[in-house]
Amino acid sequence: MLYILLAILIIVNLFWLLLALLGLPGNWLIVLSTALFAWWRWDDDVFSIYCLAAIIILAALGEIFEFLGAAAGSKKAGGSLRASVGALFGGIAGAVVGTFTIPIPFLGTLIGAAGGAFAGSSLMELSKGKSLETSTHVGAHAGLGQIKGILSKITVGFIIWIVVTIAAFYP
């Protein structure tokens, strides 16, 4: 019976991972469902405290990668601190707008976040008196950084799913 329950957990966690593609907190839902399962079946000793700590750390790293992706891209292109902050807030706002205005799952969020990071970073550079060419260069790197950050978070989510899957069936 335990293996059937573990198989259900793995399938549920796969569903959570797919939700991460839509910009939802899928990585944290994997952590939550795994932790609840571990607590519920603690006597079965399926998931160690080290495994649970590892997936929590991985989920936090995924959030950091996503959050700082645009700012890192902006900074890499020579953007100012103001441009990095604009990329952060623009990426968040763009992701929300893109999710609702571009009705393509995952792509709407991705396009919106990248566009928002581009716009936020570019506008902040323009407000500092930088040229349009320099501002768009910094903004383009912020947009690419945002895409890299989102893809990194999804990759981390896949790694979390693999860790949980292996830990579930490996003694």
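Every number in this text was worked out from the coordinates using simple rules, so none of it is lab data. Everything quoted here is computed from the prediction, not taken from an experiment. Methodologically, a virtual Cβ is constructed for each residue, glycine included, from the backbone with ideal geometry; neighbour enumeration extends over all protein chains shown.
Annotations
- Angle between the chain longest axis and helix 107-127 axis [Cα atoms, degrees, rounded to 10]: 40
- Footprinting exposure proxy for L21, L107 (fewest neighbouring C-beta atoms within 10 Å first): L107, L21
- Least to most buried among W40, W161 (fewest other Cβ within 10 Å first): W40, W161
- Taking other C-beta atoms within 10 Å as the exposure proxy, T34, T101, T109, T136 rank T101, T136, T109, T34 from fewest upward.
- Dipole magnitude of segment 2-169 about its Cα centre (Cβ charges: Lys, Arg +1; Asp, Glu -1), debye to nearest 20: 600
- Net charge contributed by nearby residues that have their C-beta within less than 14 Å of F65 (K/R +1, D/E -1): 0
- Charge tally in the Cβ shell below 12 Å around L126, where Lys, Arg are +1 and Asp, Glu are -1, L126 excluded: +1
- Comparing I154, I11, I111 in a Gaussian network model of the chain (Cα springs below 10 Å), the most mobile by mean-square fluctuation is I11.
- Formal net charge of residues neighbouring A38 (Cβ-Cβ distance under 13 Å; K, R +1; D, E -1): -2
- Rounded FRET efficiency, nearest 0.05, which uses the C-beta distance separating K128 from L24 and R0 of 41 Å: 0.70
- Residue-averaged 222 nm ellipticity for the chain, from DSSP H runs of 4+ at -39500 (n - 2.57), nearest 500: -29000 deg cm²/dmol
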